[in-house]
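What follows draws every value from the coordinates through simple rules; no lab data is involved. What you see is a predicted model, and the numbers here were worked out from it, not measured in a lab. Note that each Cβ is placed from the backbone with ideal geometry, even for glycine, and that neighbours are counted across all protein chains shown.
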Amino acid sequence: MSSFGQVPLKDVWAMLEQCAPDHSIQERTHHYCISYGEKSYPAFPKGEHEKQNPPIQKGHVRKMARFFGILECAKAALSI
């Protein structure tokens, strides 16, 4: 997975369903707080405001996947 480029937010949510099935997402003012197992990732960006499916930079997705230990699954799920 390259750190450059973007991924639609709905694809990130689908990847989490596949790779981290018992995760939870709380929406905050400017970020999402994603919890999985014993860990919480409190600063996942929302993307551009007022968009239904905003693009998210791949670097943020990669960092979150590495933090949760699901990087290989995320690479396969996002086909990158």
Checklist entry - When you scan the stretch 14-23, how many residues do you find that are surrounded by fewer than 15 Cβ atoms within 10 Å (Cβ to Cβ) and either in contact (Cβ under 8 Å) with a residue 12 or more places away in the chain or part of a helix (DSSP H, G or I) (or both)? => result 4
Next on the checklist: Whether any residue in the stretch 61-78 is assigned to a loop (DSSP other than H, G, I, E, B) and farther than 19 Å from CYS19 by Cα is what I want to check.
Outcome noted: no
Next on the checklist: Can you report the number of residues in the stretch 24-55 which are among the hydrophobic types (A, V, I, L, M, F, W, C), over 16 Å from LEU71 (Cα atoms) and either free of Cβ contacts under 8 Å to residues at least 12 places away in the same chain or buried (at least 16 other Cβ atoms within 10 Å of the Cβ) (or both)?
Outcome noted: 1
